[in-house]
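Presented below is the structure to which this report refers.
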Amino acid sequence: MTYFSLIVLILAAPVANAVQPPKLFFYPPPYRLSDGQVIFSPVAVDPAQVAENFPDIAEMSGVIVAVYWSKLCPEEHRCDFSMIDHALDYWGRRGKKVVVSAVTFGHPMTVVRSGTHSLETPTPDWLLRQVATYKMEAPPIVPVTRPYVPAQRVLTTFPSYWDQRFLSAMRGLIHQLARYDGNPTVSYVRIGTGIMGEDNPSFDGLGNAMPGWSNLAWIKYSRSVADAYLRAFKRTRLEFDVDRLGWICATGTAEDQAGANALVDYFNRRNIFLAMNGFDADNIAQWKSKAWENGTARSMEWIAARERSGKDAGLEGAPLFGPLLRDVDALAATFHQIRANRLVLFSDVAGALNYERNGPNPKNETTLQALSPQTLSLVTDHAHRLLGLLGFKEKYPNHNGKAAQAN
């Protein structure tokens, strides 16, 4: 073998233990209300927020478009899917993907109409008038303040999951969402059950006081919703974001645990993409200690088990400026240990890097309004380290130019 041939073979050989970066998706940026204030929310409010004003970066694979049911269908027999349509058209032409989520239950969110602030819930008012409801205190999504002050919980009306009229209306919504079945730009459609489209039924935590609550009732409801999505979507892959099922498996009765495990097994058999929104330092510590009384650790083990069996899975982190996400070395190491192949992050990362690379522009101005210069710099530094450890190649080596100008 010649020296030249040997060099060619060495260059062509795969690098041992090469880090394969995950598919990276982002929630949309903060939204500016008509009075100029900004709300920081993973929910899409305006078409431009999930398209023209999205702070896209080179590393991203796509975006999460989660929309309140009350936004999609403000009246019983009138629905408007133009915001999702716009996002699919915009990102499809740019070779990116979209995760679609119809949010039926969750945080009340500030809206401004005719100069007056009010709170809008994910469940449409017309449906709340038709189904059994109950009252519960919930943290609202309100304008960002500096210094940051957590919003006081407000007493809010929520629908009963157990009312068959509510489930029937959900099936109608899912039937309409099936217009996106087979759309090549749709990466996944989320099976929305609880808060913000995830497997989280209540703002009361594990001490759930909603009428008719039981772990088995939640499992039965989740299966019914999943079945409705499976009937509607034959070509586009579905996604389920586990949370409460892990807690049921960790703290419930033997019957509860069997039910939770059986539902996850059902998702695996039906090739439903399994994801989990617990990518932070506390949950990683619980998982590594095998503290199975912690429900999030159970959910993380379901994710890891999928990867060990050759199935794909995903993780989701909170905003990167949060203290539980600052140990980026531990986050990256765990991500690779679990071998998840999709990561969802909040827009603070995309907005900070977009600003650093492109300067101030409409794609990052709401991020700049929501974050202080110090927080922006912190997020930028953490984002560079995290994405580098996850295997992304830095396309913009000048890390400090525009970021330094911001401060």
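Multiplying the sequence separation of Asp329 and Lys288 by 0.36 nm and subtracting their Cα-Cα distance, what value in nm do you get?
Between Asp329 and Lys288, full extension yields 13.3 nm more.
Please state the shape class of segment 50-146: rounded when a/c is under 1.5, otherwise prolate if a/b exceeds b/c and oblate if not, all from the C-alpha gyration tensor.
prolate
Taking springs between alpha-carbon atoms closer than 10 angstrom, which of Ser34, Ser299, Ser309 fluctuates most in the Gaussian network model of the chain?
Ser309
Anyone know which of Glu316, Glu307, Glu255 comes out most mobile in the 10 Å Cα GNM of the chain?
Of Glu316, Glu307, Glu255, the most mobile in the Gaussian network model is Glu255.
Under a Cβ-Cβ limit of 4.7 Å, which cysteines in the chain have nobody to pair with?
If one checks each Cβ against the other cysteines of the chain, Cys249 turn up with nothing under 4.7 Å.
Counting other Cβ atoms within 10 Å, keep those with at most 15, restrict to DSSP loop, and tell me which trypsin sites (Lys or Arg not before Pro) in segment 86-170 are left.
Those that pass, being in a loop and sparsely packed, are Arg93, Arg94, Arg129, Arg153.
Per-residue HN-Hα couplings for segment 309-323, Karplus 6.51 cos²θ - 1.76 cosθ + 1.60 at θ = phi - 60°, whole Hz, x for Gly and Pro?
8, x, 9, 7, 7, x, 10, 9, x, 7, x, 6, 7, x, x
Just name one of Pro184, Leu263, Leu33: the one whose Cα is farthest towards the positive end of the charge dipole of the chain (beta-carbon charges, Lys/Arg +1, Asp/Glu -1).
My answer, from the dipole projection, is Pro184.
Taking 0.36 nm per intervening residue step and subtracting the Cα-Cα distance, what contour gain separates Asp89 from Trp126 on full extension?
Fully extending the segment from Asp89 to Trp126 adds 10.3 nm.
In a GNM of the chain with a 10 Å cut-off on Cα contacts, which of Val112, Val379, Val225 has the highest mean-square fluctuation?
In this elastic network of the chain, the residue with the biggest mean-square fluctuation among Val112, Val379, Val225 is Val112.
What ranking do Asp329, Asp56, Asp163 get, fewest neighbouring Cβ atoms within 10 angstrom at the top?
Asp329, Asp163, Asp56
Just the number, please: percent antiparallel of the DSSP beta bridges in the chain, rounded to the nearest 5.
Around 35 percent of the beta bridges assigned by DSSP in the chain are antiparallel ones.
Classify segment 200-293 as rounded, prolate or oblate from the Cα gyration tensor: take a ≥ b ≥ c as the square roots of its eigenvalues, call it rounded if a/c is under 1.5, otherwise prolate when a/b beats b/c and oblate if not.
oblate
Multiply the residue gap between Leu216 and Arg270 by 0.36 nm, knock off their C-alpha separation, and tell me the result in nm, one decimal place.
The span from Leu216 to Arg270 would gain 17.4 nm if fully extended.
Let me know the volume per residue of the alpha-carbon convex hull for the chain, in Å³.
164 Å³
Divide by every residue of the chain the summed helix terms, -39500 (n - 2.57) for each DSSP H run of at least 4, and state the resulting mean residue ellipticity at 222 nm, rounded to the nearest 500 deg cm²/dmol.
Helices in the chain give a 222 nm mean residue ellipticity of -11500 deg cm²/dmol.
Using the Cα centre as the reference, give the magnitude of the dipole from point charges on the C-beta atoms of the chain (Lys, Arg: +1; Asp, Glu: -1; all else neutral), rounded to the nearest 20 debye.
The calculation lands at about 880 debye.
Which Cα, out of Trp162, Gly391, Thr123, lies furthest along the positive dipole direction of segment 18-406 (beta carbon charges, K/R +1, D/E -1)?
Value: Gly391.
Check each of the chymotrypsin sites (Phe, Trp or Tyr not before Pro) in segment 216-297 and keep only those in coil by DSSP with at most 15 other C-beta atoms within 10 angstrom; list them in order.
Answer by residue number: Trp292.
Going Cα to Cα from Lys311, which lysines come in below 25 Å? Please leave out same-chain ones fewer than 8 positions away.
Answer for Lys311, where 25 Å is the Cα cut-off: Lys23, Lys96, Lys97, Lys220, Lys234, Lys288, Lys290, listed by chain and number.
Bear in mind these aren't lab numbers, they're just calculated from the coordinates by the rules spelled out. These numbers come from a predicted model, not from an experiment. So basically every Cβ, Gly included, is an ideal-geometry build from the backbone, and we count neighbours across all protein chains shown.
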